[in-house]
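Visitor: Structure provided below as structure tokens; questions to follow.
The values are calculated or read from the model by the stated rules, or taken from the named source; none is laboratory data. Since this is a predicted model, take the numbers as computed values, not measurements. With ideal geometry, Cβ positions are generated from the backbone for all residues, glycine too; neighbour counts draw on all protein chains shown. Side chains are part of the model used for accessible areas, which takes the heavy atoms of the whole protein and leaves out ligands, DNA and RNA. Shrake-Rupley method; radii C 1.70, N 1.55, O 1.52, S 1.80 Å.
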Amino acid sequence: MIKNYFLVALRNLIKNRTYGIINITGLALGIACAVLIALYVRHETSFDQFHDQKEQLFRVCAKLNYNGELNSGLSSMAVGPTLMEEYAEIETFTRITPYGARNLLRVEDRFFNQSQIQLVDSGFLAMFGYKLLQGNPETALRTPRSIVLSETLAQKLFPNENALDQPLRVDFQEFKVTGIIEDCPDNSDIQYSALVSMSTIPPQRMQVLLTDWFRIATQTYVKTRSVTSQEQWSEILGQLSEKHVRPFVEENQLNGGIDYSAQAIAEVHLDNTKEYDTPKADTDTLLTLGLIAIFLLLVACINYVNLSLAQSTRRSKEIGVRKTLGADRGQILLQFLLESIILSVISLFVALILVELSLPFYNDLADKNFSISQIFRPDMILLLIGLVLVTGVLSGLYPAVVLSRLQAASVMRPMKNLGILRKGLVVVQFAFSLFMLIGMFTINGQLGYLKDQELGFTQERLMVLEIPRDTALQRQLPVIQQEMQQIPGVENASLTNNIPGIGTGELMFRVERNHELTEQTIKMMFVDEKFLSTLGVEILQGRNFNRDMQTDQRQAFIINEKAAEAFGWGQEALDKRIQWGLLPNNQAESDGKIVGVMADFHFQSLHQPIEPLVLIFSPRRARYLMVDLGSQNTRANLDAVKAKWQEFDPNHPLEYFLVDERFNEAYAEDDRLMTLFTGFALISALIALLGLFALSSYLIELKTKEIGIRKILGGDWLAITFTFSKEFLVLVALGFLFCAPFCWWYLSDWLENFAYRQELDPLVFIASGAIGLILASVTLSYQTFRIATNNPVESLRYE
């Protein structure tokens, strides 16, 4: 019996192939979008879920409180070993800190620049269970200058030989390869290309780090012997703070404290609240994408419902005959549900083809590496089955219930207009499509607004060369800097440790307030005397650094306007006392005065407001050579700088970037959101217009005779088009009125993520509504124009 119902359902789909194709297209687009979004959301929510005993893995974070608050994903070097030593609940620990932003690797006479080399403790391998392909996990990271290479890096450095036990130079030091580890999965917050033993840090340096509880410098992960609750962690970390941090605060006469917290490893990737942390997933974005997937499927299902109900007249004879022959309501209900499920299955196969075709573009956009094979994992297969059943039942249930309930005598009455429910469904369709259009224009406008803002420095012509950690080369840096400035067209060059847009350090300072020194965490940069002139930043008060004044190395500081305002100095900031490298009794490694106040400039993305900033004169810490290429012949000047650099350093690979390009990387996530919104907005509009096209086509066909009579009586096609389109256009307008308040609230909330933002523009709403009306009008006009321009005799003969 089921087989017979299946064959009848399949025959009816073939018979009504025009509307079937429209339904399949709409559902396939909706399912394809849902699958792509599910791949992304699944990946982002799977971070660090693969670890064995993940319930026992935690990250310890520190919140510093003094004259402000610093909520950090880091902690001090002392936290891990202290917890291990004093609390039986802790089985092992590891600290993870970058060995450098980029490191220079040397194998014989070959050089490689490499990032993501991490300093870790020996417990790292046992703690996370990454597979060590070669080497002894007990000893691989125990001795100083031991390095474990990822499988990919080992093949890159030693392509034709076994890397184990090979010598490898990293920056200034010789290392021994003690292990080869599997590549880190891309769905982990802990990323590495190589692991360096923590014991590589010189003992004197490590001792300094271990005694300073306020120097947050590392991520600390611990493994507990059993699952530990947050209540237990609160007790342990409270005791740690009371026993060690409080005495440190009292001994050093600090005005503040530290609150520790433990974070389950599976929760780390979804936490965006901490500074100095690894890149995170945006939970609001994931939620938005999930809602978009649901609404796209809903819009496609609405098409099916409307078209099924619209075709009730064409199916009425079939229903009437079947009821006359004894078919009951359940049999007719089953037939219609089977039709919708078959259509959903066909749509799924079409959707998978669309997914395969779109994956290369989608991967570039999302910066992922999804493949079609990932769709056939058990959880994704369950999702696909669920999509088929949900869309099939959701699409077919209401039409099936309505049509199966009709009496044999009533099914012969044709539908001449839209019912209240169908009107409501059309309104919902266009409300969502218009919401997507408004969101697309708003996001695009905000990103354009950010990128058009003046940052307070000449970022568009700044070239930055990364300085290799090579002693011989670094001794030549002053000469190289001078040579760069002599290149025709080049206006300036600076040796600096920090670049705007890449990130700044943050240190504990003491600043003079009301004739007393108070502690304050402040953003800082290590720079030389050419830094401000290379950026084109003006000094408003005082002077610049002076290389000829030896005291500037430890006793001179320049602050921005925001710092002068925040510290209550106003126009009297010069000669105010300031310290860093703090020691007890108001002593410090560097104790000096403010020698200059510079104009504010954006050293972070415009997601954040301008914060207080201190410049410290320290050319010897330079990691970058920043060159102002000038306003003329910029490309030629860039090539000249590259050539000059390679004259001094022919052996190392040249690494450089442009500041404006790197600065704009801060908006990469927003760019992705904009592109996704644009794509999904266009798809939602297409699905809605497909449904409108099919529904209006059917209704206008029912009124073909009326159109013919109107034309004989002198009606032109414009008047006829308006008469038969106004009902739909009113529904589109209602959709706009329905979505506008929610859209205004949602986008206002999204804009709050930006410290600098444009106001919501009512014109964007009006323009989006107008676009929706125009698209609907064009779709409807085609239908009525096609019939209205026919010979009236043909229209009157229509049956």
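Visitor: Not counting ligands, DNA or RNA, and with a 1.4 Å probe, what is H244's accessible surface area in Å² rounded to the nearest 10?
Guide: Only protein atoms counted, so the area is about 40 Å².
Visitor: Work out, step by step, the length gained on full extension between I539 and V778: first 0.36 nm times the residue separation, then minus their alpha carbon distance; give nm to one decimal.
Guide: Result: 80.1 nm gained on full extension.
Visitor: Helix 17-45 versus the longest principal axis of the chain: what angle, 0 to 90°, nearest 10, using Cα atoms?
Guide: Result, in degrees: 20.
Visitor: Shifting gears a bit: Of all the accessible heavy-atom surface of the chain, with the other protein chains kept in place and a 1.4 Å probe, what percent is carbon and sulfur?
Guide: Working: 19980 of 36130 Å².
Of all accessible area on the chain, carbon and sulfur atoms account for 55 percent.
Visitor: Enter the accessible area per residue of segment 556-651 (Å², integer; probe 1.4 Å; all protein chains in place).
Guide: On the way: 4040 Å² over 96 residues.
In whole numbers, segment 556-651 has 42 Å² accessible per residue.
Visitor: In terms of modelled amide H atoms, which long-range or inter-chain residues lie less than 5 Å from the amide H of L74?
Guide: Excluding prolines and chain starts, which carry no amide H, the hits are A62.
Visitor: Return the FRET efficiency for the residue pair N113, K451: r is the Cβ-Cβ distance, R0 is 35 Å, and the value is rounded to the nearest 0.05. Let's see the in-between values first.
Guide: Working: r = 29 Å, r/R0 = 0.82.
Efficiency computed from Cβ-Cβ geometry: 0.75.
Visitor: Which value in nm describes the separation of the simple spin-label points at E267 and E69, placed 7 Å from the Cα toward the beta carbon?
Guide: It works out to 1.7 nm between the two label points.
Visitor: I want to make sure I understand the PRE zone here: with the label point 7 angstrom from the Cα of R672 toward its beta carbon, which residues in segment 41-74 have backbone N atoms less than 16 Å away?
Guide: Of the residues in segment 41-74, 41-48 have backbone N under 16 Å from the label point off R672.
Visitor: What is the gain in length, in nm to one decimal, between E661 and K726 on full extension, counting 0.36 nm per residue of separation less the C-alpha to C-alpha distance?
Guide: Numbers: separation 65, 0.36 × 65 = 23.40 nm, distance 4.94 nm.
Gain on extension, E661 to K726, equals 18.5 nm.
Visitor: Continuing with this model, one more query. How big is the gap, in Å, between the Cα center of segment 639-662 and the Cα center of segment 582-617?
Guide: Result: 30 Å between the Cα centres.
Visitor: Also: How far is helix 2-15 tilted, in degrees, relative to the longest principal axis of the Cα atoms in the chain, given as a value from 0 to 90 rounded to the nearest 10?
Guide: It works out to around 90 degrees.
Visitor: Applying a 10 Å radius around every beta-carbon, put 346-352, 88-94 in order of their mean neighbour count, most first.
Guide: Put in order of decreasing packing, that is 346-352, 88-94.
Visitor: Please arrange W744, W750, W645 by accessible surface area, largest first, computed with a 1.4 Å probe and ligands excluded. Before the final figure, lay out the partial values.
Guide: On the way: W744 105, W750 30, W645 5 Å².
Result of the area sort, largest leading: W744, W750, W645.
Visitor: As an exercise, use a Förster radius of 51 Å and the Cβ-Cβ distance of L210 and N363 to find the FRET efficiency, rounded to the nearest 0.05.
Guide: On the way: r = 44 Å, r/R0 = 0.86.
Taking R0 as 51 Å, the efficiency between L210 and N363 is 0.70.
Visitor: For segment 211-300, what does the accessible surface come to per residue with a 1.4 Å probe? Please give it in Å².
Guide: 48
Visitor: Using the Karplus equation 6.51 cos²θ - 1.76 cosθ + 1.60 (θ = phi - 60°), what ³J(HN,Hα) coupling, rounded to whole Hz, does each residue of segment 350-365 give in order, writing x for Gly and Pro?
Guide: Computed from phi, the couplings for segment 350-365 are 5, 4, 5, 5, 4, 4, 4, 5, 8, 4, x, 5, 5, 5, 4, 5 Hz.
Visitor: So for each of 258-267, 679-688 I average, over its residues, the number of other beta carbons within 10 Å; can you give me the resulting order with the highest mean first?
Guide: Averaged packing, sorted descending, gives the order 679-688, 258-267.
Visitor: Have a look at F435, Y756, N560 and report the one farthest towards the positive end of the charge dipole of the chain, computed about the Cα centre with Cβ charges (Lys/Arg +1, Asp/Glu -1).
Guide: Among F435, Y756, N560, the one farthest towards the positive end of the dipole of the chain is F435.
Visitor: I've got another one for you. So how tilted is helix 668-702 from the main axis of the chain? Cα-based, degrees 0 to 90, rounded to 10.
Guide: The helix 668-702 is inclined about 0 degrees to the chain.
Visitor: For segment 76-133 and segment 426-489, write down the distance between their C-alpha centroids in whole Å.
Guide: When both Cα centres are located, 32 Å separates them.
Visitor: At 0.36 nm per residue, and after removing the present C-alpha to C-alpha distance, how many nm does the segment from L682 to T634 gain when stretched out fully?
Guide: Contour length minus Cα-Cα distance gives 13.4 nm.
Visitor: Ok, one more. Using the basic label-point model (7 angstrom from Cα toward the beta carbon), what is the K131 to N187 distance in nanometres?
Guide: About 1.7 nm, to one decimal.
Visitor: For every helix of n ≥ 4 consecutive DSSP H residues, a contribution of -39,500 (n - 2.57) applies; sum these over the chain, divide by its total residues, and give [θ] at 222 nm rounded to the nearest 500 deg cm²/dmol.
Guide: -16000 deg cm²/dmol
Visitor: Then there is this: Would you mind checking K54/K223; K156/K642; K451/K562; K423/K726; K274/K523; K54/K274 for any pair whose Cα atoms are more than 18 angstrom apart?
Guide: As for pairs spanning more than 18 Å Cα to Cα, those are K156/K642; K451/K562; K54/K274.
Visitor: Contact order normalised by length for the chain, with contacts defined as Cα pairs under 8 Å and 6 or more residues apart; what percent is it?
Guide: Reported relative contact order: 15 percent.
Visitor: For labels at R475 and T139 in the simple 7 Å Cα→Cβ model, what's the distance in nm?
Guide: Placing both labels 7 Å along Cα→Cβ, they lie 3.8 nm apart.
Visitor: With a Förster radius of 22 Å, plug the Cβ-Cβ distance of K54 and Q232 into 1/(1 + (r/R0)^6) and report the FRET value to the nearest 0.05.
Guide: Approximately 0.80, to the nearest 0.05.
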